[in-house]
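Presented below is the structure to which this report refers.
The values are calculated or read from the model by the stated rules, or taken from the named source; none is laboratory data. This structure is a prediction, so every number in the text was calculated from the model and none was measured. Backbone-built Cβ (ideal geometry, glycine too); neighbour counts: all protein chains shown. Just so you know, the surface numbers come from the protein's heavy atoms only, side chains and all, with ligands and any DNA or RNA stripped out. Shrake-Rupley method; radii C 1.70, N 1.55, O 1.52, S 1.80 Å.
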Amino acid sequence: MQHLPIRSYVLRQGRITQAQQRAWQEHSARYILPDFPDLPDWQAVFGRRTTQVVEIGCGYGETTCALAKANPQIDYIAFEVHRPAVGALMNRLAATEIENVRIANTDALATIAEWFEDESVTAFNIFFPDPWRKKKHHKRRLIRPEVLSLLLSKLVPQGGVHFVSDWQHYAESAAAVFAATPALCPAPPPSRGGITRFEARAIAAGRAVHEFYFVKQ
């Protein structure tokens, strides 16, 4: 097992609404993945074996739902630690009868190594992760060499890493990490399916959105 002890998130749960709490009560059995003791049987989870895309930090799920609806042939595994956001995502999924998404309410970096076989994931989506703006916190950023090494080991050949950030410094540091990874080649990014609430806030605040897509060679 590959150990990645530095967490890339903090739990800022905030207030959970009645609707979000009700989602946990009514939809968790349908959408929330259990704490698998062994390598998951994804065919049993989804009722089929097909292309898998993993999203790290799906937030409230606007993009997750849009992509899943537009690509019913793909199965999406969305990691998110914040319960209110997960509740909101479950409500979105249930309202639109989307069946090709499952949610992991757990630390992605502590789990990906155990849940996915090598060269089994088609793409990793990382949209607007915590930028950890203070210099002393930069070590917690998701885009760092040891994390890319883990993701690369799980990607199929020609699989992609899709990264988006609205923080200039984070975008610059991520670009440097990508450039220093010989196994990755830049490519045109696929559609993200729409604008998330975080992207809308960034645009309203006048921040540029930086998007990267790299393919495993």
| Regarding region 131-176, what whole-number volume in Å³ per residue does the convex hull of its Cα atoms give? | 73
| Which aspartates and glutamates does Lys134 reach when only Cα atoms under 19 Å apart count, and residues fewer than 8 places away in its own chain are ignored? | Asp166, Glu172
| task | Find the relative contact order for region 71-197 and round it to a whole percent, using C-alpha pairs within less than 8 Å whose residues are 6+ positions apart. | result | 23
| request: Report Rg(Cα)/(2.2 N^0.38 Å) for region 13-122, keeping two decimals. | output: 1.01
| Considering only the chain, what is the antiparallel percent among its DSSP beta bridges, to the nearest 5? | 30
| said: Per residue, how much accessible surface does the chain expose to a 1.4 Å probe? Answer in Å², no decimals. | reply: 48
| request: Identify all lysines with a Cα-Cα distance to Lys154 below 19 Å; exclude those on the same chain that are fewer than 8 residues away in sequence. | output: Lys216
| request: Would you tally the net charge around Glu199, using a Cβ to Cβ cut-off of less than 12 Å, leaving Glu199 out, and scoring K and R as +1, D and E as -1? | output: +1
| Accessible-area composition of the chain, carbon plus sulfur, in percent [1.4 Å probe] | 53
| task | Give the relative contact order (percent, whole number) for the chain; include only Cα pairs under 8 Å separated by 6+ residues. | result | 22
| Extension reserve of the Arg15-Cys185 stretch, reckoned as 0.36 nm per residue once the Cα distance is removed | 57.1 nm
| remark: With label points set 7 Å from each Cα along the Cα-to-Cβ direction at Arg197 and Lys69, the distance between them in nm comes to 1.7
| field | Most fluctuating residue given options Gly87, Gly47, Gly193, as computed from a GNM of the chain linking Cα atoms under 10 Å | value | Gly47
| field | Range of Cα positions in region 40-98 per principal axis (Å), largest first | value | 30, 22, 16
| task | Calculate, in nm to one decimal, what Ala110 and Ala204 gain on full extension: separation in residues at 0.36 nm each, minus their alpha carbon distance. | result | 30.4 nm
